[in-house]
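The values are calculated or read from the model by the stated rules, or taken from the named source; none is laboratory data. Predicted model only: the values in this text are computed from it and were never measured. Positions of Cβ are generated from backbone atoms using ideal geometry, with glycine treated the same way; all protein chains shown enter the neighbour counts. Remember, those area values only see protein heavy atoms, side chains included, never the ligands or the DNA or RNA. Shrake-Rupley method; radii C 1.70, N 1.55, O 1.52, S 1.80 Å.
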Amino acid sequence: MMISPHNDKAQHRHTSSFWSSPSLNLSLILVIPSVVLLVLVSTLVPYPSTFSPLSSPWKWRYGGHWYSSIFNGSSTDSPFMEAETDKLDPNMSFSDALLDKDIDNVTSTTRVVKRSSKLKMVEAYMARARSFIKEAARVRNLTSIHHDPDYVPHGPIYRNANAFHRSYLEMEKLFKIYVYQEGEPPMFHNGPCKSIYSSEGRFIHEVEKGKLYTTQDPDEALVYFLPFSVAMLVRYLYESESLKTDAIGRIVIDYIHVISGKYPYWNRSVGADHFMLSCHDWSIRVLCNANTSEGFNPAKDASFPEINLLKGEADIGGLPPSRRSILAFFAGHLHGYIRYLLLNEWKDKNDPDVQVYDQLPKGVSYMSKLKNSRFCLCPSGYEVASPRIVEAIYAECVPVLISDGYVAPFSDVLNWKSFSVQIAVKDIPNIKEILMGISQRQYLRMQRRVKQVQRHFVVNPTPKRYDVFHMINHSIWLRRLNVHIQDFGVP
């Protein structure tokens with residue numbers, strides 16, 4: 001079955017200016033809840049589902065947010081530590097072990113038995129990884145004790161540097177993504193790379209290259225990527241005149257129908273080891289809009305940064321702290337209730353310390369303001385995520401998060417309180433008082449940590465270890481550690 005746009009004329013109706021359209025955010029806010037609702041209702045139902053005419057022999061267990069206690073240092077036993085790992089050869093790689101298992105099963109009469117055998121091997125290696133990470137979490141040093149030629153996590157920017165480092169190293173050894181090949185561009189296997197939604201497009205394009213973490217053997221995979229771009233679905237299928245989202249819902253449901261009918265992987269876990277990526281708003285959802293009040297579940301959903309790369313590359317660096325003359329800065333249009341409160345409170349005060357604009361004066365550079373500010377205000381808009389957080393980190397300006405219900409990117413391993421300021425919405429009138437109350441010594445510490453954490457948010461043309469591409473994958477890896485898929489249908 002070919003997945004293609006329902007309306008070819010839509011491709012010609014939209015231009016590149018689409019990504020800068022002020023109505024796009026509102027359109028996506030209207031679209032995404034409908035899409036997610038349709039998908040949830042149609043797919044997260046007990047099997048056999050309408051997409052799985054035969055009863056599935058597969059079951060999966062959910063282990064809860066076990067890694068949260070691991071990285072916070074309050075380690076508790078995981079229900080998945082029970083798996084037998086003593087039969088694993090510690091000197092054999094994951095792929096070699098699976099190949100060895102293939103040889104052992106060469107006389108099997110069905111593919112189901114071989115697939116079951118591989119699954120057991122995969123889960124055994126996952127259990128061992130959980131055990132290693134749990135053991136690493138017992139080391140409470142601020143610096144990881146593991147050797148690494150590129151970077152050794154250290155300092156208070158991490159919840160537990162040693163646990164994160166061991167988890168990252170285990171991910172590099174074990175993590176495999178299978179990308180479904182069904183579907184065609186521009187809505188599948190494609191995404192915007194030079195826009196406010198570039199996080200989504202850059203990840204899709206990098207995964208499609210097949211050089212990092214991907215596998216051509218779906219039985220070897222730990223997770224399965226649904227390669228559609230929500231931004232592209234909206235661009236080509238959303239009917240802005242009528243606000244209709246039916247076509248988007250249909251294409252997502254059709255896609256799940258196709259892969260669940262063609263492959264066994266969705267049905268065996270009911271999608272628990274599948275993930276989608278969206279800068280707006282299932283299985284594992286990797287979302288910019290990580291809003292707990294809208295159903296974001298940190299135990300199975302991952303928050304990733306919204307990065308605005310209009311020119312395709314980041315402008316990194318800023319003035320040294322001693323030359324930053326502005327206490328706090330924000331510039332942005334009215335976009336949601338929180339920004340309304342911020343603009344209403346500070347825009348017309350003409351305070352030289354707290355500079356808030358709905359529109360910058362002519363000739364004033366937005367980036368120069370960021371680079372000249374000690375603190376950068378990052379209020380939520382219609383959605384909780386804001387590209388200003390990463391803009392602040394790039395400009396080496398301490399981000400000030402003003403939101404309700406926002407789960408910051410990579411917060412499983414990053415200690416955001418060490419390099420950012422969180423201000424409650426109700427305290428918007430007290431912004432100056434709060435920031436002036438931070439001592440010079442504490443500010444300098446936070447600013448140094450912003451520079452250190454920068455490496456985890458940088459978008460590189462070719463991904464480098466510990467950069468944003470690898471950190472997004474690490475977030476997905478952690479969620480997969482929560483899931484234990486078991487086969488009850490094969491002896």
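Points worth noting:
- Across the range 412-420, a minimum of one residue is classified as at pLDDT 95 or above, of a type in the set (D, E, K, R) and under 19 Å from SER303 (Cα atoms).
- Scan the range 223-243 for residues that are open to solvent by less than 10 Å² (accessible area, probe 1.4 Å), part of a loop (DSSP other than H, G, I, E, B) and hydrophobic (A, V, I, L, M, F, W, C) and the total you get is 1.
- Qualifying residue in the range 139-149 (condition: among the acidic types (Asp, Glu), in contact with a His (Cβ under 8 Å, 6 or more places away or on another chain) and part of a loop (DSSP other than H, G, I, E, B)): yes
- Selection count where residues are open to solvent by 90 Å² or more (accessible area, probe 1.4 Å), closer than 22 Å to GLN422 by Cα and assigned to a loop (DSSP other than H, G, I, E, B), scope the range 332-351: 2
- Count - residues of the range 150-183 that are small (Gly, Ala, Ser) and either surrounded by fewer than 21 Cβ atoms within 10 Å (Cβ to Cβ) or outside any helix (DSSP H, G or I) (or both): 2
- Among the residues of the range 372-419, the ones that are over 17 Å from ILE326 (Cα atoms), assigned to a loop (DSSP other than H, G, I, E, B), small (Gly, Ala, Ser) and in contact with a helix residue (DSSP H, G or I) (Cβ under 9 Å, 6 or more places away or on another chain) come to 5 in all.
- Residue list for the range 361-390, filter: under 24 Å from ASP404 (Cβ atoms) and surrounded by fewer than 20 Cβ atoms within 10 Å (Cβ to Cβ): TYR382
- For the range 406-451, a tally of residues being polar (S, T, N, Q) and within 20 Å of the chain's Cα centre (by Cα) returns 3.
- When ARG465, ARG441 are checked against the criterion of being closer than 26 Å to ALA127 by Cα and open to solvent by 60 Å² or more (accessible area, probe 1.4 Å), a single residue qualifies: ARG465.
This table checks each residue for (1) modelled with pLDDT of 95 or more; (2) more than 21 Å from VAL207 (Cα to Cα); (3) not small (Gly, Ala, Ser).
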position	(1), (2), (3)
PHE132	yes, yes, yes
VAL139	no, yes, yes
TYR151	yes, yes, yes
ASN160	yes, yes, yes
ALA163	yes, yes, no
TYR168	yes, no, yes
LYS173	yes, no, yes
GLY183	no, no, no
PHE188	no, no, yes
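- Test: residue in the range 457-470 that is at pLDDT 95 or above and among the polar types (S, T, N, Q): no
- Qualifying residue in the range 104-111 (condition: at pLDDT 90 or above, open to solvent by 50 Å² or more (accessible area, probe 1.4 Å) and among the acidic types (Asp, Glu)): no
- Residue within the range 244-267 that is assigned by the TED database to the domain that holds LYS300, surrounded by fewer than 21 Cβ atoms within 10 Å (Cβ to Cβ) and at positive phi present: no
- Selection status of ARG449, open to solvent by 60 Å² or more (accessible area, probe 1.4 Å) and touching a Ser or Thr at 6+ places or on another chain (Cβ under 9 Å): no
- Where a residue in the range 388-407 is in the same structural domain as GLN442 (by the TED database) and more than 12 Å from PHE330 (Cα to Cα) and its partner, wherever it lies, is among the basic types (Lys, Arg) and open to solvent by 10 Å² or more (accessible area, probe 1.4 Å), with Cβ under 6 Å and at least six apart: ALA395/LYS371; GLU396/LYS451
- Any hit, the range 352-360, residues being assigned to a helix (DSSP H, G or I), over 17 Å from ARG323 (Cα atoms), among the acidic types (Asp, Glu) and open to solvent by 30 Å² or more (accessible area, probe 1.4 Å): no
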